Each structure stands twice: as C-alpha cells, then as structure tokens.
Amino acid sequence: MATVVKDERELSDSASSPDSVARSEAPTRGATRKAFESFWALALLALMAATFRLWMPSSWVAGEDLPAVPLFDPALLGLTTTLMGWLSSVLVAVSVVVCALTIAGRNSRTGWAVLAISLCLLIAMDQHRLQPWVYQTILYAALFSFASAGSTAPVRDATLGCIRWLTITVYVFSAIGKFDFQFLHTVGQDFLRVPTNWLGLDVSDWSNRTRLVVAACFPAFELLVAASLAVPPVRRVGVWMAIIMHLGLIAVLSPMGLGHSAGVIVWNLVMAIQAWMLFRPRPAVRPEHDSEIVSRASAGGLSWGVVILASVMPLTERRGYWDHWMSWALYSPHNSRMSLQIHESAIESLPEPWRAAAVANDADDHWHDLELGRLSLMVRGVPALPQSRYQWALTDAIRQKYPIANAMRGKVQSASDRWTGQREEQWWTRPDEFQRSGETFWLVP
C-alpha cells in the first residue's frame, strides 16, 4: 500500500514539473497552428465562393465581356482560350481539394506548396486574380509548407510568429498608404460621410481642414492597431481594436454604406477573426530540448526570408517596382491607372455591361468615360486590379475584341504624389501612341 502511495506521489510530482508542463502545453500550441491552417483554408474557400466569377471559366459565368489578361502570351505555350479555361478549372479544383483536406486535418506541407503553385498559375493566366487576399494566401501557404505536421512546437510557433509579423506589416503599409492627398480628399471623405450620415450629421457644414483631419483619423487608428499588436503588454487591447476596425469597415462598405463587393466584406470578416486567433494572449511554451531551439532557428530562417521580402518590397511601390495591392495599398486611390474614354458614336457597338460603364463626362464633348472599375464589378463582381499595367493590357484586349480602336482615347497615369496628389500623364489618341504608352510596362503579354 505504501508503495502504491509513493508511486502516485511520484506521478503527481512528475506531472507538475516544468518539463511536464512544457510537454503538455506543446500539443496545445501545435493545435493552434493546425487550427489556424484549417481556418485559413475555410476562409480561402469562402473568399473564392464570394468571388466565384473570377475563378470560373468566363463562358460559365457570362464573363466574356471582360477579357482575361495573362502575365504572358499564351500562344507561346500553345495555349488557347478554351484550354486555359479548362486548366483554370482544374487548378481551382486542386485548390478546393487542398483546402478540404486541410479542414479535415489531413493536409501536409506538400499540400500547401501545391496550393501556392496553383494560385500562382491561376494569376499567371489572369492578372485580375491577384487580389490582396490571394497574395496573402500565397505567402501563408509558403510559410505553412516550411513546417510539416510533425514539426516540433517551437518550429510551428516560428511559423505563426512569421504570420503575426506579416499581419502587422499589412496594417502598417495600409495605414501609411492612406496618409496621402488622394485618400484624404476622396475615399477618406466617403468613409467619413457614411457614419456621420447615420448619426444625422452634415459634414458639408464642417470646414475643409476639419474634414481632412477627421479623415486622417482612419489611418491613424489603423497604425495604432499595428503598434498595439506589435507590443505584447498592450496586445490584448490591439486585438479588440483590430476587430472593431474591421467590423466598422464591414458596416461602412456594406450595402447600407458604400456598397462594396462581397469579397471585400468577407475579407474584412476573415481579418477580424484572424486578429483574434493570432494575437489573443496564450501561455508561452518552453522548448523541451536544445535541439528544438536549433530547429526553430532553421525553420525560422526559411520563413523569415519570405517575411522580409514581403515587408521590404512594398517600400518600392511608389516607384512602380511592386504592385499596389501586393504593397497593401488598400482603399487608397493613389494607384497608377489608365483613364479611358470612348466616343459616343461607338457606344452602341459595345455589349450591355460596357454601355453601362460608359458615363458622360462634364466636358460635353461627345466623349464618355469608360469606367473599368464599374465594368469589373458588373462582370466579375470584384474591384478592378489597381495597376496601370493591367488596365493598359485590358484596354489593348478591348481594342482587339471590338472595332472601336479609332473611337478610343485615354491617358496612362502614374501613382500620385503623396503630398500634392499630382500624377505624371501620357495621353494617347491614336493606336501608335497607345502602343508607345505601354512600352515601359513589365509583364504585359
């Protein structure tokens, strides 16, 4: 009997020892990473469902009116439009299967690598698919592929640490992009108008300076969210601030407000849940063996390489070396663009979505503004890619598809100056001028 009591006491002491606590907590932290993988797989399925017209063959969803713009010339690989449509369907199916396996707990690092490659190929066949959340998924998939399900807890935690840092950089660059003349005078005023209208306030009675200062509070709050999430003592507050920010954006962008697309609403909901999953306080886990510390450094080196690249390249966005959405320039209209006009004599030769996107301008000179953003929302249900490279190539596809080349004119505009809102512009009225305006772009098929 004494022996039994002694054995029970030893078992009790062993269970309460620090090493035992570390061992018992390690599966909990590992399960956290696994839970986050499942969550992001489910989020990707929800986002793809909300933007399904972007992923299905255009003939299946009546999307032929907005031509796909690949990153390369498909003819060089012998790919026809029909073949690319079927290939896209296969890659979408592969992505769905990978997500389903992840949700079921059966995915591996290979599955995440396959998902990243599939999404990259889908973007290569249509640049319009380079939505910010797709780029975010590619980064996450690359990080997940560096840590298999059998990795030690510190290695798994290093992966989550990288994702936390990526999330913070999203908020930082998004906020910095909004401290901008264009945002403060346009979208920022829209963000201000919606909630003040709900409160019965008329901002037109405010001075211009007051409206600009209040609009600047939006990016200031976002920057404060990033800072709070980066500092552990106030991280709990930062989590709630992030959730409030995204729920507020959902309200402002909803049909009750600015009426943005479903994909934008779903992504903000995903980001709110992500903030809770990634940054809510959890007990720390102490590595059980020195070998795990070495593994942590090794796995972290691969992961942090991805993070550093994704954190440095947005610094080159204003110079045109990195895409606006890949630099987290969100809701900020300082992006480069193509302004397009069509003569009223050619409007009737266009399909209905194009006619609806042709809006008479104030000049009353028989030219109508062809709003590519509105056209994208009507045909694909997502915002147009805010990149002059893409919009130039889309315009080129339009000119080739419809006999309106001599009834079109426009200008290629650079990203705007942060302080003045001014842009460099290159006008074109003839086909040869149009071709010259696109010679400086990269990745134009």
Size of segment 336-390 along its principal axes in angstrom, Cα-based, largest extent first? 28, 24, 17
Please work out the ratio of the alpha-carbon Rg of segment 60-117 to 2.2 N^0.38 Å and round it to two decimals. 1.42
So, for the Cα atoms of segment 102-244, Rg and Dmax in Å stand at 19.9, 62
Carbon/sulfur accessible area of segment 57-118, % of total, 1.4 Å probe, equals 69
Within the under-14-Å Cβ sphere about A141, not counting A141, Lys/Arg +1 and Asp/Glu -1 give a net charge of +1
Efficiency of FRET from Cβ geometry, Q426 and H185, R₀ 25 Å, rounded to 0.05: 0.60
With S228 itself left out, Lys, Arg at +1 and Asp, Glu at -1 over residues whose Cβ is under 14 Å from its Cβ give +3
Segment 325-445: radius of gyration and largest Cα-Cα distance (Dmax), Å: 14.2, 41
In whole Å, what are the extents of segment 300-386 along the principal axes defined by its C-alpha atoms, from largest to smallest? 60, 25, 18
Binning at 5 angstrom from zero up to the longest distance, how are the C-alpha pair distances of segment 85-144 distributed in percent? 4, 20, 29, 27, 15, 5, 1
Distance from the Cα centre of segment 37-103 to that of segment 311-343, in angstrom? 24
For segment 211-276, what D do you get in µm² per second when you plug the Kirkwood radius from alpha-carbon pairs into Stokes-Einstein at 20 °C and 1.002 mPa s? 171
Using θ = phi - 60° and the Karplus form 6.51 cos²θ - 1.76 cosθ + 1.60, what ³J(HN,Hα) does each residue of segment 172-182 get, whole Hz, x for Gly and Pro? 5, 5, 5, 5, 4, x, 8, 7, 8, 3, 5
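The values are calculated or read from the model by the stated rules, or taken from the named source; none is laboratory data. Source: prediction; values computed, not measured. Glycine also receives a Cβ, built like all others from the backbone with ideal geometry; neighbour counts cover every protein chain displayed. These accessible areas exclude ligands, DNA and RNA; they are computed on the full protein's heavy atoms, side chains included. Shrake-Rupley method; radii C 1.70, N 1.55, O 1.52, S 1.80 Å.
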